[in-house]
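What follows is one structure encoded as structure tokens, with my remarks underneath.
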Amino acid sequence: MKQGIALVIALAIGYFCGRYEIPLPAPPHWFGVALIACIWLGYVLAKP
């Protein structure tokens, strides 16, 4: 349930950033995306 809510919020943030031409709060370069994915993976693996 929490993951579904998080995905909806993330999609909404991305949508509104694109719709209103607000800079996306994530780096557009592939390395930045990889860093964010690694941060997320580390967070998920660290959870008890």
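Each value in this text was obtained by applying a stated rule to the coordinates, not by laboratory testing. As the structure is a prediction and not an experimental result, all values here were calculated from the model.
Cα axis of helix 30-46 to longest principal axis of the chain: angle in degrees, 0 to 90, nearest 10? Relative to the chain, helix 30-46 is tipped by roughly 40 degrees. Seen against the Cα atoms of the chain and their longest principal axis, helix 2-19 is set at about 20 degrees.
Go through (i) 110; (ii) 70; (iii) 83 and flag the label whose value is the computed volume of the Cα convex hull per residue in Å³ for this structure. Among (i) 110; (ii) 70; (iii) 83, the one calculated here is (ii).
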